[in-house]
């Protein structure tokens, strides 16, 4: 099953920033080509900076999650029965047997 991240979106469309144009090429169009390439380069550098910033945030959150998981695993180890007589919990105690008696009506 495909997830949301597997579906291609508008970011995958390159036609929005295409270097093709309907104007025929002339010998003097080098300045226009340089300008268009410069603008595309600036846009890509800006996008790369945004991706780097987002990647840093993701790595930070992944580190926090890893630390939380390690803490929970340690606490789960101490609560597990048969771990050398350490901390016992309500579940690890033997169940009480019920006393039964008859009721006459």
Quiz item: By counting other Cβ atoms within 10 Å of each Cβ, how are 36, 69 ranked from fewest to most?
Solution: 69, 36
Quiz item: Extension gain residue 53-residue 79, at 0.36 nm per residue separation less the Cα-Cα distance, in nm?
Solution: 5.4 nm
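Every read-out reported here was derived from the displayed coordinates using simple, explicitly stated rules and does not represent laboratory data. Just so you know, these numbers come straight off a predicted model, no measurement behind them. Positions of Cβ are backbone-derived with ideal geometry, glycine not excepted, and every protein chain shown enters the neighbour counts.
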